[in-house]
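Data first, discussion second: the structure below is written as C-alpha cells.
The values are calculated or read from the model by the stated rules, or taken from the named source; none is laboratory data. All values derive from a computational prediction rather than experimental measurement. Virtual Cβ from ideal backbone geometry, glycine too; neighbours counted across all protein chains shown. Protein only, heavy atoms only, side chains kept; ligands, DNA and RNA dropped before computing areas. Shrake-Rupley method; radii C 1.70, N 1.55, O 1.52, S 1.80 Å.
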Amino acid sequence: MLKYSNRIDLYFKIVYNKANMESGCKRSMSDKKYISTRGQQKPLDFYDAILQGIGSDGGLLVPDFELEQKDLKSLQNLSYVDMATEIISSFVDENAKEEIRELCQKAYGNGLFPQEVVPVKKAGDVYIAELFQGPTAAFKDMALSLLPHFMTYSLKKKGEERKVMILAATSGDTGKAALEGFKDVEGTYIQVFYPVDGVSPIQKQQMITQTGSNVDVVGIQGNFDDAQTAVKKAFQSPDLKDLCDEHHVFLSSANSINIGRLIPQVVYYFYSYMTLVHDQEIKLGEPVNFTIPSGNFGNCLAGVIARKMGLPITKFIVASNKNNILTDFFRTGKYDARRDFYKTNAPAMDILVSSNLERLVYMVSQDSQKVQTYMDNLNKQGVYEISDDLLEKLQTLFKAGWLDEDEVLSVIHTCFEETGYLLDTHTAIGYGVYKEYQKAFRDETKTIILATASPYKFADSVYEALENQKLPEYEAIEAVHQKTGVPIPTPLVHLDQKEVKHHKVIHKDDIIQEISQKIKELSL
Ligand SMILES: *Cc1c(COP(=O)(O)O)cnc(C)c1O
C-alpha cells in the first residue's frame, strides 16, 4: 500500500486523489489505519488509535491512508453537525457515517454550543472565527466535546471491558474542557494535571470547582512542559502498564497528542471557509489564509489536514507569544528548547515542547527514521534541526511571528478602538502577528483568524489593555462588560462563588506516583 505522500508533494499537488475517486476506486475500510510518526507501532484502526492515544513507541499517531479529497461544492450550506459528519467520517470506516452523525449531534447539536457553533465575525479587514462558544469558553471545547463520545463509541466497538483512564496535562484550557467533556461518562475516569502557578486565576477556578464522580484535578509545581512530559512518560512506563493490567484499566490521552483531538478540529476550517462563501465574502474555491495562535500546534495541524483534504489555503500564519520557539523554527529550521520559559498573559501558549510539530515533520518528510532521530536529539540535547529541503517545503506554506506581553495589550486596545471587536490575549497575538505579516508581505488574500478564547477568560489582562489600569479578575469581568457590552459567557458567571473541590498540589516528579495511586483507588 502506498502512503499518501510518497507520490505527491504534500502541499501542492492534490489532484491525484480526485482522479482516484473518479476512477471509482474505493478503498476498503481496513485501509484506514493509523501508524506512529516514529515507525514502530503496528497499524491501528480508528477505534484503537483513539483508545490508545499515543504510539507505543512514544510517537504520535497519523493517518496511513490517502486523505479523502472533499468536493467543496457538496459542503456548502451544511449545518455544523452535517459538516462535522462529512469531514470526520472520512477518518473512520466507510460504513460508520450514521454513527458518527449521532456522536456529532451529541457534541455540537444538543445545546452545549449555541445554534451557530462557530460564528465568523468581521473586524476591519479580517475575519474572526470564534472557536470559544462551547461549555468552557475556549477552543479546546471544539474537540473535547466530541472526544469522550469517540471514546465510548470505540470502547463499544472493541468490546472493551476495561475502564479507560484519561490523562491530561494542561496549560489552562485543555484541563477544563476535558473535565467537562468526560465528567460522568461511563467507563471513563479523568485525571488532569495543571501547573499551579501557570494558569490564569479564572482557568484555575474553573478546574478546581469541577463536579463529577469520575474526575480528579491535581496542581503541580512545575510548568506545562513538565506536566506534558510526565504524562507522555506515563504511557511508556512498564510498571504503570502492569498496574493497569492488574486493575483492568488502560490509559489514554485527552491532549492533542490524541488523534481524536485533531480530527474534530479539521471541521471548523471547512466550516468557517464556507461561512465566508455563504456570506459572499469569498467565491467558492478562492484561496484564503488562516492565522493561528499556537502552542502545542494541534490547532494549526488540523488546518494542514484540512488543506490536504482540498480546502484552498495559501498560507498558515503561526502566531506565538514570548515563548517564540515556533517562530524560530519556521524561520531557521532549528527547534531549540534550550531557552528560558516565560509565563505570559497568554498562558495557554506558554509551551516549549510543541508536540504536534512531530506530526508536521513526519507528514512533510514521510520518514519515521528521521523523526525518531530528531526526537532523540530533542530529548537528549534539547534541540533538533531539520534538513534544508524540509525547511524549504515548510516555508512555502508557513509564516511565523510573535508578540510580547505589552504588544498583546496594545493590540487588544487598538483593535477594540478601531473595529469594536474585543480580542482575548491569545487571539490578539494572532491578530497582531497577522497585521505585521500583512504589512511586510502586502498579501491581499482574505484571512481568517482563529479566535481561541473568550476575552472574559483573561479579563484582567483585557481590562488592563482597555483602561491601562489593573483590577482583580472577577471585578475585571464586570468592568469589561460595562465598558464593551460584550456578553459574559454563561460558564464564567458566578464562577467565583463555586465550591472548590480539588485542593491537591504535588511536585512534578510525583505525577506517575499520583497516577498509580489513582489506579489503585479506582478499582476499589
Ligand atoms: C490551547 C490553546 C492555544 C494553543 O493551541 P494549540 O493547538 O496547542 O496550538 C491557543 N489559545 C488558547 C486560548 C488555547 O486554549
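Here is a check on your reading of the model: is Gly59 more than 16 Å from the ligand (Cβ to nearest atom) and surrounded by fewer than 23 Cβ atoms within 10 Å (Cβ to Cβ)? Spell out the reasoning first.
Values: more than 16 Å from the ligand (Cβ to nearest atom): yes; surrounded by fewer than 23 Cβ atoms within 10 Å (Cβ to Cβ): no.
The answer is no for Gly59.
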Item to complete: Output the number of the condition that Asp279 fails; it satisfies all remaining conditions of (1) within 18 Å of Phe150 (Cβ to Cβ); (2) open to solvent by 10 Å² or more (accessible area, probe 1.4 Å); (3) of a type in the set (D, E, K, R).
Response: (1)
Discussion item. Taking the condition of being open to solvent by 10 Å² or more (accessible area, probe 1.4 Å), part of a loop (DSSP other than H, G, I, E, B) and of a type outside the set (D, E, K, R), how many residues in segment 34-53 meet it?
Written reply: 4
Discussion item. Out of the helices (runs of 4 or more DSSP H) lying entirely within segment 60-111, which hold 1 or more residues that are under 15 Å from Met142 (Cβ atoms) and in contact (Cβ under 8 Å) with a residue 40 or more places away in the chain?
Written reply: 80-88, 97-108
Practice prompt. Keeping to segment 106-131, report how many residues are in contact with a Phe, Trp or Tyr (Cβ under 6 Å, 6 or more places away or on another chain), buried (at least 20 other Cβ atoms within 10 Å of the Cβ) and within 19 Å of Thr425 (Cβ to Cβ).
Written response: 1
Fill in: Single unsatisfied condition, Pro238 versus (1) touching a residue at least 24 places away in the same chain (Cβ under 8 Å); (2) under 30 Å from Glu160 (Cβ atoms); (3) open to solvent by 10 Å² or more (accessible area, probe 1.4 Å)
(1)
Worksheet item: With respect to Ser253, is the statement that it is more than 14 Å from the ligand (Cβ to nearest atom) and either surrounded by 24 or more Cβ atoms within 10 Å (Cβ to Cβ) or over 16 Å from Val318 (Cα atoms) (or both) true?
Response: no
Fill in: Flag for Ser272 being in contact (Cβ under 8 Å) with a residue 24 or more places away in the chain, within 12 Å of the ligand (Cβ to nearest atom) and open to solvent by less than 20 Å² (accessible area, probe 1.4 Å)
no
Worksheet item: From the residues in segment 417-433 that are open to solvent by 10 Å² or more (accessible area, probe 1.4 Å) and charged (D, E, K, R), which one is nearest to Asp125 (Cα to Cα)?
Response: Glu418
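Which ranges mark the helices (runs of 4 or more DSSP H) fully within segment 256-353 that have 2 or more residues being under 18 Å from Gln395 (Cα atoms)?
Details: elements: 259-278, 298-308, 325-332.
Per the criteria, 298-308, 325-332.
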Worksheet item: Which one of the conditions (1) within 16 Å of the ligand (Cβ to nearest atom); (2) within 21 Å of Asp82 (Cα to Cα); (3) among the aromatic types (Phe, Trp, Tyr) does Phe290 fail to meet, given that it meets all the rest?
Response: (2)
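Quick check: anything in segment 72-91 under 23 Å from Ile166 (Cβ atoms), open to solvent by less than 30 Å² (accessible area, probe 1.4 Å) and not aliphatic (A, V, I, L, M)? Please lay out each step first, then the result.
Of all residues in segment 72-91, those under 23 Å from Ile166 (Cβ atoms) come to 84, 88, 91.
Going one step further and asking which of them are open to solvent by less than 30 Å² (accessible area, probe 1.4 Å), we end up with 84, 88, 91.
From what is left, the residues that are not aliphatic (A, V, I, L, M) are 91.
Scanning segment 72-91, I find at least one residue that is under 23 Å from Ile166 (Cβ atoms), open to solvent by less than 30 Å² (accessible area, probe 1.4 Å) and not aliphatic (A, V, I, L, M), so the answer is yes.
Any idea how many residues of segment 436-455 are part of a helix (DSSP H, G or I), out of contact with any strand residue (DSSP E or B) (no Cβ under 7 Å at 6 or more places or on another chain) and surrounded by fewer than 21 Cβ atoms within 10 Å (Cβ to Cβ)?
First pass over segment 436-455, keeping only residues part of a helix (DSSP H, G or I): 436-441, 455.
From what is left, the residues that are out of contact with any strand residue (DSSP E or B) (no Cβ under 7 Å at 6 or more places or on another chain) are 438-441, 455.
Those still in the list that are surrounded by fewer than 21 Cβ atoms within 10 Å (Cβ to Cβ) too: 438-441.
Total satisfying the criteria: 4.
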